[in-house]
Every structure is written in C-alpha cells, then in structure tokens.
1. So how tilted is helix 2-20 from the main axis of the chain? Cα-based, degrees 0 to 90, rounded to 10.
2. Give the aspartates and glutamates whose C-alpha is closer than 12 Å to that of residue 480, dropping any in the same chain fewer than 8 places away, or say none.
3. Using each residue's phi in region 602-613, evaluate 6.51 cos²θ - 1.76 cosθ + 1.60 at θ = phi - 60° and report the 3J(HN,Hα) Karplus result to the nearest Hz, with x for Gly and Pro.
4. Given R₀ = 56 Å, what would the calculated FRET efficiency be for residue 201 paired with residue 417, taking r from the Cβ atoms and rounding to 0.05?
5. What does the extension gain come out to for residue 460 and residue 384, with contour length at 0.36 nm per residue minus their alpha carbon separation?
6. In the calculated pair distance distribution of region 358-486, what percentage of Cα-Cα distances lie above 22 Å?
7. Remind me, relative contact order of region 435-550 in percent, using alpha carbon pairs under 8 angstrom and six or more residues apart?
8. What is the Rg over Rh value, at two decimals, for region 342-412, using alpha-carbon atoms and the Kirkwood definition of Rh?
Amino acid sequence: MGYQLVQIVTLLTVIAFGALRKVRGECSSDDLEGLMAFKNGIQMDTSGRLAKWVGRNCCEWEGVVCDNATTRVTQILLPGLNEKDFVQTQMVGQLSPSMTLLTSLEILDLGGLVGLSGAIPLTIGLQMPKLQKLYLYGNNLTGPVPESIGGFPNLQELALHENRISGSIPSSLGSLRKLKRLLLYSNQISGTIPFSLGSLTNLVELDVHDNALMGHIPNNIGQMLSLEKLDLSSNMLSGSIPSSITNLTAISVLYFDTNYLEGTIPFPSRPGEMPSLNFLRLHNNHLSGNIPPSFGYLVSLQRVSLSNNKLEGALPSNLGNLHSLTELYLSDNSFSGQIPKSIGQLSQLIMLNISNNLIQWPLPQEMSSLQNLQTLDLSFNPLSLSSIPPWLTSMSSLSRLYLAACGIKGQIPDSLQTTQSPIQELDLSGNLLSGPIPSWLGSFSQLYLLNLSSNSLELHIPDSLTNLPDLAVLDLHSNKLTGSITGVFNTAQQGTSGGSLTYIDLSDNNFSSGVEAIGVGEQLNIQHLNLSHNLLKGTLPGSLGRLNSIHSLDLSFNELASNLPEVLAKLTLLESLKLQSNHFSGNIPNGFLKLRKLKELDLSDNVLEGEIPKGKPLIDFPGSTYSRNKGLCGKPLSPCKV
C-alpha cells in the first residue's frame, strides 16, 4: 500500500509539473540531440507522448521540464500509466491533451498499460548535463540500465522501477554524487550491488527490492550517511550483513528480508546508533545468533520482523525499552526461555507473533497490560499451558488469538466467553482439548476463523454456529465429532450473497449424515471442502452443482453410494477431486471432460465400470487414479474388450 501511495503522489507531481511549465524558446542543441536520441531508441509509445516531440521547442514537450532562466532540460517525466492510474488522473482532471485522447477501453486494448516499450537508449546521459530527474517507472522497458546514465552529473532522482529491465546495476551510478533517490525495484536486474554505490553520500533512498541480485552487500554501505530508506529485499543476496550498517544515523526503513543472508545481526553496540530506525525487516533469511540487550537501544522501532531465521537464545529482558513498538514478528526461530516481564511495557503493541519457537511456561501476567494488542500468536511452543490464562479475557483489543499446539488440556474453558474483545480469529488446534464444542461460540458474532482441529472434541457441532454470518474458515478436522453436518451448510448460507464460508474441513471425524445439505441455498462461496475419513452415507445431491466457486473437493473414505452425479461437471474451477474409497458405481460421466483445471483426481476403490471418457484431462492421470474399480477400462488402464 505504501508503494502505491508513493507512486500516486509521484504521478500527481508529474502532472502538476506538466500543468505549470510554460517555458518558451528553443532547446539547447545538446539537450535536443539527447532527447531525440532517447525518442529514437524507444520502440513503442502507446501513450502518444513521444509522437508529439517535434520541432526545437522541447521545453513545451509532454514529459519535459526546463529551467525557466536557461531553458536547459532539468527533468524527463515519462512514467507509465496503468488503467488504475488513468482513472485517478481523470478524477483530478489534470490529464494532458495527448492523454485525453485515450479512453479506458483503448487502455484495456493495450493490455492495461500506457507507456514506453523497448530498451533505454544506450546514448542517454551523454547530453543534458543539467538533468535532475529521470522518471521512466511503470513502463515496459527492457534491456540493461545503460552505463551512460552515469553521465548526468546533476541527477538527483532516478526512477526506473516496475519495468522489465535486466542486466546488472552499472558501476557508473557511483559517479552521480548528487543523487538522492535511486529506485530500481520490481525489475529483472541481476549481478551484484556495485561497490561504487557507497560513494553516494547524498542518497536518501535506495530501493532495489524484487530483483535477482546476488553476492554480498557491499561493506562500504555504511558510508551512505544520508540514507533514510534502504530496501534490498526479495533478492538472492548472501553473506553477512555488514557491521557498518550501524553507521547509518539517518536510516528509518531497513528491509533486507527474503534473501540468503547469514551470520549474526549487527545490532547497535551503544546508544545513539541508528536512532531513527522505525521499520526493520530481516525475515526469511539464514541469520543466526541471539538478540542482545543492545537491541533495546533502537528506541524508535515501530515494526520489527525477524521471522524464519536461525536465531536462538532468550529474548532480551529490556524488550520493554522499545516503547514505540507496534508490531513484533519473531516466529519460526529457536528462541527459548520465557517471555520477559518487561513486554508489558509495550503499550503501543498491536501484533505479537512468537510462534514456532521453544518458549516455555509461564507466560508473564504483565502481558495483560497490552490493552492495544490485537493479534497474539504463541502457537507451536512447548508452553504446556494446561488451560488458557484467564487474564487473556481482559485484553480489550484482542481479536486474533492463536494458541495452537500449546499443550492446553480439558474442555474449552467457559471463561473465554467473557472476553471483552470482539474475537475474529481463534485457533486452538493441536492441543489436548476434549468434551463438546461449547454453544457459546455462537455469541462471537464477528468470528471469521475457527480452528479447533487435531483435538479430541466430541459430540455434535452446535446449532449456534449458524449465528456466525461472517465465518469464512471452519476447521474441525481430526476430532471425535459425530452426528450430522447439516448445520455447517446452514452456516454457509447466513452471510451476504449466500454465505461467507470459503474453507470447510470436517475430515477425520465420525459424522454419519447430512450430505444432502451440501449446496443447498444459492451463491455459496465455498472454495475448499473436505469431508473425508468420516462415516457419511447416502447419495450426493444435485445441489452439489451449485458450488460454483469450489477448487478442492474431498469426499474420500466414506460410505457414499450411487452413480457419480453429472452435476459435478458444472464445477469447472475444480483443481482437486477425491472420491476414492466409497461405493460409487456406474460410469464416469462424459461431462468430467469439462473439468479442464483438474490437476488431482482419485476415483480408486469404488465399483465404477465402463470406459473412461476419452480426452483430457482424464487420460492424463496415472492408472492409480482409477485402480481397484473392477469394471473400468480404457486409457490409462487396459483397453476395453470389444
């Protein structure tokens, strides 16, 4: 969302410049030559802007801004426009004359993109010495970033992001000593980060995320003392994080996540280092070591993500020093010990995720002071909670509670129904819960996700679940539940447009009836339905064909009988269909050939007969898909006997 906002603001700035500039007079010959070389190097311009670059008065050209006094070109502003941007610019009523010739329909005909195609001309940068801004982002540009771009001695902003640029980052960019913003993200750039970039001491923002960069982060990156935002995420960088990173006194945003970085994290060694750091993302790497007490020196931190690394040891006892912290992600590491009591001092915290670690009991009661906390995930830790701490119910903002595999025993405690917060997501899966599903869960009127799977819950699904109009995810698999599944499909019809339920997993239970309710009602939104490994009897209803949105259907290992219903052919979005180990008989309907998106099919262990319909996708599945049906024949099984 942040990047979209920056792009919209930049776009409106471009439009504003286009509306304000009224510089008259002929261009400098050098500037004119450089602009024409650029124009001639572009293969296609679907916006029509370059077609109007005629004559010598280039300061009046669309996308060109000149200095009023010298008539030298200072800015080239030619961002691409997608359909969304086009509509936004129409709303502000400042489209240039050449842009208003293009209707929304024409934009769609152009693939949703209005802009430049082709490679950036290699000669760019050999003229126009006064150029300060070059905006070519959001186009369809290919090829490398030319070395000649290093020939703009006054360039302050270079925005080439969101193209299809390949090749490496030219080392000549290190000569652009006045450069303040270098935006190359969302391209196909490879190679290494040039050591020469360390010379850009005026650079405020460097963003190269979402490329294919490899190698190490240059050790001299700590020389870029003006940097406020540094984003190297979503590349293939390796090696360690340079210790010089702590020299970046102005840094506010530091994103190194989703790479292959290893070694320890160079946290500040004394107060005053990185004093402005607000956002730190190091997740999805191979970083090791622990979080030292000096972590508490980063007093401006608001959001921290260290998830999915190899970090270990205890959490620092002075964690409470980070009074501005709003989000803390530490999941999927090997942190051990207990959560420090000082965590209760993080009064601004809204998200805490420490799942998949080695955190132990007891949980500090000081956590009850986190009255702004909205999401708490302690899942998959050896907490041995025995029961849900009663103080959790006093956290007035808590709406998402994940306590999967935390050793909770006994029945779901009635104290949970007294919670002061509007619970939207509740995950108690993988515990040792027994007894019935409490009917008071139906009072959680805002519940979106309920996961009680992999416990020992008994009896039937309470009718009160039909009071949950916003329930989208219901996972009760691997319990000891019995009775009918009818109530679940009543729930699916409660919300707007036929229900909110999109994911239902009732597998590995002892349900015996209710299949006739599947698909009853209109406009059901179910995408995933798993009823496998139950005791369901009866025939599949014709209403099953109303599940127009379903992608995955698993009814395997039940006692269902009758012919395979032809209505299954209406489920054209199906990618996975599992009906094995039932009592289905008769032929495979020819309509199954309409299931073009089917990637997984299992009809084995039934009593089907006749020839398998000829054609894709049915003939592409292995023989095991149809095995142990004595009457089936045809490809991929043995040919049918004449």
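1. 40
2. In chain and number order, the partners are 458, 508.
3. Rounded to whole hertz, the list is 9, 10, 5, 6, 10, 10, 6, 8, x, 7, 5, x.
4. After rounding to 0.05, the efficiency reads 0.40.
5. Values: separation 76, 0.36 × 76 = 27.36 nm, distance 2.74 nm.
Result for the pair: 24.6 nm of gain on full extension.
6. Numbers: 2614 of 8256 pairs.
Here the long-distance tail beyond 22 Å is 32 percent of all Cα pairs in region 358-486.
7. So the answer I get is 21 percent.
8. On the Cα set of region 342-412, Rg over Rh gives 0.93.
Computed from the coordinates by the stated procedures, all read-outs in this text should not be read as laboratory data. The structure displayed is predicted, hence computed values, not measured ones. Here Cβ is always computed from backbone atoms with ideal geometry, including for glycine, and neighbour counts include all displayed protein chains.
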